[in-house]
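Written below as structure tokens is the structure these notes are about.
Computed from the coordinates by the stated procedures, all read-outs in this text should not be read as laboratory data. It should be emphasised that the depicted structure is a prediction, and the values quoted were computed from it without experimental measurement. Every residue, glycine as well, gets a Cβ built from its backbone with ideal geometry; the counts of neighbours run over all protein chains shown.
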Amino acid sequence: MRVLVLGSGGREHALAWAIARSPLVDEVICAPGNGGIAGDFRVLPLDLSDHVAVLELVKREGVQLVVIGPEDPLVAGLADSLGEAGVAVFGPSAEAAQLEGSKRFAKEFMERHGIPTAAHRAFCDAASAESYVRELAGPCVVKADGLAAGKGVAVCAKTAEALSAIREMMQERRFGDSGDSVVIEERLVGDEVSYYAICDGERFVCLAAAQDHKRALDGDLGENTGGMGAYSPTPVVDAELEREIVEQVVRPTVDGMRSEGRPFRGVLYVGLMISDGKPYVIEFNVRFGDPETQVLMFRMESDLMPLLLGAAEGRLPEGEVGLDFGPPAVCVAMASEGYPRSYEKGREITGLAEVAELPDVKVFHAGTRREGNRIETAGGRVLGVTARAVTIADATSRAYDAVERIHFDGAQFRSDIAKRALAETAS
Ligand code: AMP
Ligand code: GLY
């Protein structure tokens, strides 16, 4: 088969890498890809918002399965356009993508189906939103309803912070139309984890849990980012908690979406807060996480393709599927100086060839480009340096050993990825 992976991040590099290992696959093509993806696969230029161009490429290249990486094209209906043209596609319809595309839809859906989540209220006008946070008079979370590249959430300790978040979203329109309505919810405390299941509209196959590190600096300080590192599995989720996540969240979500006439096909990524040992949904995403995918794919021994095809064609197997996940994996993101704010591009990256020789290490590229023989920075998050080993401690030191051998001016990375897991395993 010939498979097309759409997107240009570390997530897409990891997906393409996993797909290419399948005996079912002859060739993986990526569009638009990045400098590192271009080193491993054929890449083609493409504007993902141009559905006609995507379809033309699919026909011209004889692609048999399209895997859509990021959320924007899903919310914009790319899976619908391809599906209507008879193309097999991994990724939900626009209607099903509302689980991520509208926080308000997601919250009301969870209420309708009894899925545990923080109490919330939704507002379309700033004055009512403001009087509600005054009433709460304490910690809360203010969220822009629509997509905001992961930045439309303000976790507020005090009323004044919540008031300024409302102003920024609704009056100053920092996120454009995405802030026309806001959701205000109770602030949860606990451990955050990500959980993944591949769904075909009716059935689902569970992958695994992972933990992301969203803040820019060590000790979970600094600004929120797309994710500075991840590891899997996580000691936060044991077998009992995993069962609860599946029965209280994944199953009612898949059943609820089907019963509401918007069956969910694709990967359901549940962002959870584990509070007093119980799972609460913070958010749904309708695509793979980045950088969680890097560790999940590096761990997974089973063939990913039957799952992607099963979801695309509505024929995942019934009942438990014993997927084979290998030993732990850790991913450390190396980012440009200044990220998540403004940063320069075009800095040369060295050390990649040396690291490519290391066993059980893979560098998934995010914001990189190729200029002749040289690889240079081209984005905020630049590389996802990923390693696996028999223990999480060994995987972590292997990843950091590789990070130390890679250089670009101003490179920043966290030095405490997987520390939480290391502390638990030591105790
Ligand atoms: P989201 O974009 O919804 O994932 O939110 C971004 C981050 O805000 C999450 O990863 C959490 O760290 C935090 N967050 C979101 N909702 C809540 C909540 N109800 N309570 C506490 N923290 C939250
Ligand atoms: N790692 C967070 C995300 O992919 O949204």
| said: Given contacts defined as C-alpha pairs under 8 Å and at least six residues apart, what's the relative contact order of region 153-215, whole-number percent? | reply: 19
| query | Roughly how many debye, to the nearest 20, is the charge dipole of region 33-106 about its Cα centre, given +1 on each Lys and Arg Cβ, -1 on each Asp and Glu Cβ, and no other charges? | reply | 100
| remark: Note, Gly36: beta-carbon cut-off 11 Å, +1 each Lys/Arg, -1 each Asp/Glu, net +1
| field | Set of lysines near Lys345 by C-alpha distance (under 29 Å), chain-local residues within fewer than 8 positions excluded | value | Lys151, Lys214, Lys362
| Gain upon complete extension [Ala85, Arg167; 0.36 nm per residue less C-alpha separation] | 25.2 nm
| remark: Note: Ala160 to Ala353 extended length (0.36 nm per residue) minus current alpha-carbon separation gives 64.4 nm
| task | Would you work out the relative contact order for region 60-144, in percent, from Cα pairs under 8 angstrom that are 6 or more residues apart? | result | 20
| remark: Net charge (Lys, Arg +1; Asp, Glu -1) of residues whose beta-carbon lies under 14 Å from that of Asp238, Asp238 excluded, is -3
| task | Identify all lysines with a Cα-Cα distance to Lys107 below 17 Å; exclude those on the same chain that are fewer than 8 residues away in sequence. | result | Lys143
| query | What is the Cα coordinate range of the chain on the first, second and third principal axes, sorted by size from largest, in whole angstrom? | reply | 59, 47, 43
| task | Calculate for the chain the 222 nm mean residue ellipticity that helices alone would give, adding -39,500 (n - 2.57) per DSSP H run of length 4 or more and normalising by residue count, nearest 500 deg cm²/dmol. | result | -8500 deg cm²/dmol
| the chain: relative contact order as a whole-number percent, Cα under 8 Å and 6+ apart | 17
